[in-house]
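The values are calculated or read from the model by the stated rules, or taken from the named source; none is laboratory data. Here the structure is a predicted model, which means the values were calculated and not measured. Counting neighbours? That spans all protein chains shown, and the Cβs are built from the backbone with ideal geometry, glycine included.
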């Protein structure tokens, strides 16, 4: 009985295998042309890919070897303070170099290492021209420390250290410790709100159309912020509603005609401002 079942299973297995081989052979016969075309297409694709790779290799070699791709001109755009030659020198890009061999990322990183440079973009203009676009930091504030003038931009970055600033129109900045200040670095400060405020203050100064000019910004105490317009002190309290409080103070100074007087205007609270003059 067992032998019979075994033989029956073998017969069934052989039949299924035979049917599978038959179906496979039938599929090949029925789709012979389709399979041949597919094989030909695959071989063609491999050939085209190989030829394309050869052409790419030749093109790369020519780009790196032909003298027509040697840099003949380097243009710098956007520099008003930083000297053209200083930017070129820091980029490490030289005339005669192959335009495809320059390291754009390294050039940008090196250019932006200059404290006066906010950002830089290096572009290739084929076949042989390089263009460098720079955005310079804008000097907004100064602080006097250890017989030196620290020049600061609106982001709190020290962009220069000078012995004389008589030819510059800057606003004095108080309330920061310059003992650990470094050229090219953000002002060291435990209260990050102070640095963050500098950009807002810069925009206020930029948009100020009145004849009341801010001469000193004192951020020694963020709960007791003070601006000075000549000898007139403006008490602002916190930085909340800063623009609104400044507008109110400027209006008072103009209406009361106390621009050139010594005293203070207190707009640090929501009530009626306090005005005092000597």
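As a summary of the residue check, residue 175 satisfies the conditions (1) out of contact with any helix residue (DSSP H, G or I) (no Cβ under 7 Å at 6 or more places or on another chain); (2) within 18 Å of residue 146 (Cα to Cα) except for the one numbered (1).
Filtering the stretch 216-261 to residues that are within 30 Å of residue 188 (Cβ to Cβ), assigned to a loop (DSSP other than H, G, I, E, B) and in contact with a strand residue (DSSP E or B) (Cβ under 8 Å, 6 or more places away or on another chain) leaves 219, 220, 223, 224, 238, 239.
Within the stretch 112-136, the residues that satisfy the criterion of being without any contact (Cβ under 8 Å) to a residue 60 or more places away in the chain, under 24 Å from residue 65 (Cβ atoms) and part of a loop (DSSP other than H, G, I, E, B) are 126, 127.
The residues listed here are 224, 247, 241; of these, the one that is more than 30 Å from the chain's Cα centre (by Cα), free of Cβ contacts under 8 Å to residues at least 12 places away in the same chain and surrounded by 13 or more Cβ atoms within 10 Å (Cβ to Cβ) is 247.
When the stretch 151-171 is filtered for residues that are under 24 Å from the mean Cα position of the chain (by Cα) and either surrounded by 18 or more Cβ atoms within 10 Å (Cβ to Cβ) or more than 14 Å from residue 115 (Cβ to Cβ) (or both), the ones remaining, listed by number, are 151, 152, 153, 154, 156, 157, 158, 159, 160. Residue-level analysis places residue 113 outside the set of residues that are under 26 Å from residue 190 (Cβ atoms) and either in contact with a helix residue (DSSP H, G or I) (Cβ under 7 Å, 6 or more places away or on another chain) or at pLDDT 95 or above (or both).
For residue 212, the criteria (1) in a helix (DSSP H, G or I); (2) more than 31 Å from the chain's Cα centre (by Cα) hold in every case but one, which is (1). Each residue in the stretch 37-93 was checked for being touching a helix residue (DSSP H, G or I) at 6+ places or on another chain (Cβ under 9 Å), modelled with pLDDT of 95 or more and either under 19 Å from residue 125 (Cα atoms) or not assigned by TED's automatic domain parsing to the domain that holds residue 128 (or both), and 6 of them qualify.
Just the residues that are in contact with a strand residue (DSSP E or B) (Cβ under 9 Å, 6 or more places away or on another chain) and in a loop (DSSP other than H, G, I, E, B), please, taken from the stretch 262-278.
Within the stretch 262-278, the subset in contact with a strand residue (DSSP E or B) (Cβ under 9 Å, 6 or more places away or on another chain) is 262-269, 273-278.
Of everything in the stretch 262-278, those that are in contact with a strand residue (DSSP E or B) (Cβ under 9 Å, 6 or more places away or on another chain) and in a loop (DSSP other than H, G, I, E, B) turn out to be 262, 267, 268, 269, 273, 278.
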